[in-house]
Structures are given as structure tokens and as C-alpha cells.
Amino acid sequence: MARTPSRSQVLARRETISAYLFLAPAMLFFVAFVVIPMGISLVTSFYEYNMSGSTFSGIDNYVRMFQDAVFMKALKNTVLIVVVAVPTVTAFSLWVATAINPMKPVARSFYRCVFYLPVVTGSVAVTVVWKWMFNAYTGLLNSVLGTTGYSWLGQEKTAIWCIILILFTTSIGQPIVLYVAALGNVDRSLVEAAHVDGANGMQAFWKIKWPQMMPTTLYILVITTINSFQCFALIQLLTSGGPNNSTQTIMYYIYYNVYKLNDFGYANAMGIVLALIIALFSAAQFALAKSEH
């Protein structure tokens, strides 16, 4: 004889079904616009496209990629952006959040708004302002430094650093807000107990506050890494990868191959490699955070 489910089991089953029904739209959206396109990209990365159609080329696109001097330059620039931007954004955001957290609520809210403003401002508007600042003859930077006529975005040795500077200023807003929130959630009784035991401010920060902020730090590291790898709008609007590919990035090179050369197979192969690189960086950050926790 079949056993009749208890009332708690029926309730748990209904809650499970309800949960899946609520998740269904998001899951369908994820599958339709993330999983399926990724699968299509992976498949087409093994094909060569031209005006007459497509032909299977195996791993030729991947072999070609690492023999392509422009791609290797783009890879080098992309890694440089990530290696420089991610630590500086994280460290500066933590420093600013630590400085403004003890302030009164009005002052704290003011500084959060100031630093968060570039995040909510359109990337095109921000880029136009920076383009004016770097202008060789009418730019603010040359006026202040007395170097009128110097093209910051037109020189190979300075262009990439200008891009990193702009990316830095537009990336610190969200981490600062997150760190301020994380500092507000730190158990103050533990901090006060540490001070009673003789710990100074720095010791209390690293022993009490920092471990409690590790989840926030991990999130900031991963998000900043992904955004840095996907740097595109700044390149497109300011330099188009120049001069002499000195600001070329993988994302912009993918765009160039798709919309300028119609080389979809090669572009998809680069997209797959970029996704793998991002995954490896993110996995390393998770492992590092887990080992320090």
C-alpha cells in the first residue's frame, strides 16, 4: 500500500515547485542568450567563413591566432590592463572606503555619490570628456603640464597608460560603495575587544575587519577582472587600437574581425580563448581567497 505523504512533505514539494517556476524565466533567458550562443560560438570557431559560405577548418583558427602578431599584441595589452587595473582599483577603493566610513552619514553619502557618479554616467559622455582632457592643443592636461602639442593618445608609450587611467577612474565607484557597506557590517564588538586587548588600528583592521570583508573583496576582484578583460568602449571611441596597435585589446580585435573583416570563425575562436583566460583568472582568485580565508 502506497504511503501517503505527510503535510510537511506536501508543503516542501509545493515550495520546491514554486521556486523552480520563479527561476524558470531567468533560466530560459540564460539558456537562450548565454548557453546557446556560447555553443554556437564554439562550433563556428572551427569554421572559416568567406563570401561564398563556410568550410570546416578544424583548429586552424586557433593555430592562426597564436601566429598572429596583432593578436599577441592585443593579448599583451589586455593582460597589462588587467594586471595594473585590478590591484590598483581594489587597493584604492579599500583605502577610500576606510577613510570615508568613519565620517558622518551626510559626508559619507556625499563621497559615495561623487565616486559613484562615473559609473552611472554614460561611457560615451565620460570618454568625450577624457578625450578633451587629452587633446594635444586645447586639453586640460597639456595646459596644466605646459606640454601643449603633445598627443597623449597618439604616442605608443603613453596611449595604453591613458586607457588604464580612464578605466581606473570609471571602475572605482562600485568597489568603494561595496567596501563602505562591508565595513558597516563588521562586528564592532570584535573591533572594540581587540582595542581593549591592546591592538592598534592597523592590527584591528587586518585581524578583524579584513577577514570579514573577504567575500566582498573576492566579488570586487572577479568583477573588476572581467570588466578589464572586456575593455572595449574606451578603445573604440578614443584610439581604435592605435597607434600601431599599442592600445589593441582582444575585445576590440574581435570586433574588428567581425564587423570590418567579416571573419566570424576567427573572431569566435578569439572569443573562446578570451573566455578561457577569464575563467582561469577567476578560478585563481577564488583559490587564493579560499586559501587566505
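Within the range 121-137, can one find any residue that is in contact (Cβ under 8 Å) with a residue 12 or more places away in the chain, over 22 Å from S240 (Cα atoms), touching a Gly at 6+ places or on another chain (Cβ under 9 Å) and outside any helix (DSSP H, G or I)?
no
Against the definition (among the hydrophobic types (A, V, I, L, M, F, W, C), free of Cβ contacts under 8 Å to residues at least 60 places away in the same chain and not assigned by TED's automatic domain parsing to the domain that holds I272), how does M27 come out, yes or no?
On the way: among the hydrophobic types (A, V, I, L, M, F, W, C): yes; free of Cβ contacts under 8 Å to residues at least 60 places away in the same chain: yes; not assigned by TED's automatic domain parsing to the domain that holds I272: yes.
Yes, satisfied.
Which residues, taken from the range 49-68, are in contact with a strand residue (DSSP E or B) (Cβ under 8 Å, 6 or more places away or on another chain) and farther than 22 Å from M251 by Cβ? I'd like the intermediate steps shown before the answer.
Applying the first criterion (in contact with a strand residue (DSSP E or B) (Cβ under 8 Å, 6 or more places away or on another chain)) to the range 49-68 yields 54-57, 60-61.
Within the range 49-68, S54, T55, F56, S57, D60 qualify.
Would you point out the residue of the range 284-293, among those that are under 26 Å from I164 (Cα atoms) and more than 17 Å from the chain's Cα centre (by Cα), that is surrounded by the most Cβ atoms within 10 Å (Cβ to Cβ)? Quick ask: steps written out before the conclusion?
At the first step, the residues of the range 284-293 found to be under 26 Å from I164 (Cα atoms) are 284-286, 288-289.
Now drop any that are not more than 17 Å from the chain's Cα centre (by Cα), which leaves 288-289.
Numbers: L288: 12, A289: 16.
Ranking the candidates gives A289 first.
Would you pick out the residues in the range 226-245 that are under 14 Å from the mean Cα position of the chain (by Cα) and surrounded by fewer than 21 Cβ atoms within 10 Å (Cβ to Cβ)? I'd like the intermediate steps shown before the answer.
Of the range 226-245, the ones under 14 Å from the mean Cα position of the chain (by Cα) are 226-234.
Of everything in the range 226-245, those that are under 14 Å from the mean Cα position of the chain (by Cα) and surrounded by fewer than 21 Cβ atoms within 10 Å (Cβ to Cβ) turn out to be I226, N227, Q230, F232, A233.
Here's the yes/no breakdown for (1) surrounded by fewer than 16 Cβ atoms within 10 Å (Cβ to Cβ); (2) modelled with pLDDT under 90; (3) polar (S, T, N, Q):
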site	(1), (2), (3)
Y137	yes, yes, no
S143	yes, yes, yes
Y150	no, yes, no
A159	no, no, no
I163	no, no, no
L167	no, no, no
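Within the range 36-87, can you find the residues that are in a strand (DSSP E or B) and among the aromatic types (F, W, Y)?
Filtering the range 36-87 for residues in a strand (DSSP E or B) gives 47-50, 53-56.
Hits for the range 36-87 are Y47, Y49, F56.
Of the residues in the range 240-263, how many are assigned to a loop (DSSP other than H, G, I, E, B) and β-branched (V, I, T)? I'd like the intermediate steps shown before the answer.
So the first thing to find is which residues in the range 240-263 are assigned to a loop (DSSP other than H, G, I, E, B), and the list is 240-249, 260-263.
This time we only want the ones that are β-branched (V, I, T), so: 247, 249.
Residues flagged as assigned to a loop (DSSP other than H, G, I, E, B) and β-branched (V, I, T) within the range 240-263 amount to 2.
Which of the numbered conditions does P215 fail, given that it passes all the others? Conditions: (1) farther than 30 Å from W130 by Cα; (2) crowded, with 19+ Cβ neighbours inside 10 Å; (3) under 17 Å from the mean Cα position of the chain (by Cα).
For P215, the exception is condition (2).
Which residues, counting only those in the range 246-257, are more than 16 Å from V273 (Cα to Cα) and surrounded by fewer than 21 Cβ atoms within 10 Å (Cβ to Cβ)?
S246, Y256, listed by residue number.
Got a sec? Which of I278, I254, I208, I223 is among the aliphatic types (A, V, I, L, M) and touching a Leu at 6+ places or on another chain (Cβ under 6 Å)?
Numbers: I278 fails: touching a Leu at 6+ places or on another chain (Cβ under 6 Å); I254 fails: touching a Leu at 6+ places or on another chain (Cβ under 6 Å); I223 fails: touching a Leu at 6+ places or on another chain (Cβ under 6 Å).
The conditions single out I208.
For the range 265-283, how many residues meet the condition of being surrounded by 12 or more Cβ atoms within 10 Å (Cβ to Cβ) and modelled with pLDDT under 90?
The initial filter retains those residues of the range 265-283 that are surrounded by 12 or more Cβ atoms within 10 Å (Cβ to Cβ), namely 265-275, 277-278, 281-282.
Next, from what is left, pick out any that are modelled with pLDDT under 90: 281-282.
The qualifying residues number 2.
Based on what the data block shows, is N101 crowded, with 16+ Cβ neighbours inside 10 Å, assigned by TED's automatic domain parsing to the domain that holds N227 and farther than 22 Å from T216 by Cβ? Can you show your working first?
On the way: crowded, with 16+ Cβ neighbours inside 10 Å: yes; assigned by TED's automatic domain parsing to the domain that holds N227: yes; farther than 22 Å from T216 by Cβ: no.
No.
Quick one: is T90 of a type outside the set (K, R), assigned to a helix (DSSP H, G or I), touching a Pro at 6+ places or on another chain (Cβ under 7 Å) and at pLDDT below 95? Break it down stepwise before answering.
Numbers: of a type outside the set (K, R): yes; assigned to a helix (DSSP H, G or I): yes; touching a Pro at 6+ places or on another chain (Cβ under 7 Å): yes; at pLDDT below 95: yes.
Considered against the rule, which asks whether it is of a type outside the set (K, R), assigned to a helix (DSSP H, G or I), touching a Pro at 6+ places or on another chain (Cβ under 7 Å) and at pLDDT below 95, T90 comes out as yes.
The values are calculated or read from the model by the stated rules, or taken from the named source; none is laboratory data. Quick caveat, the model's predicted, so the values are computed rather than measured. Cβ coordinates were reconstructed from backbone atoms using ideal geometry, including for glycine residues, and neighbour counts include every protein chain displayed.
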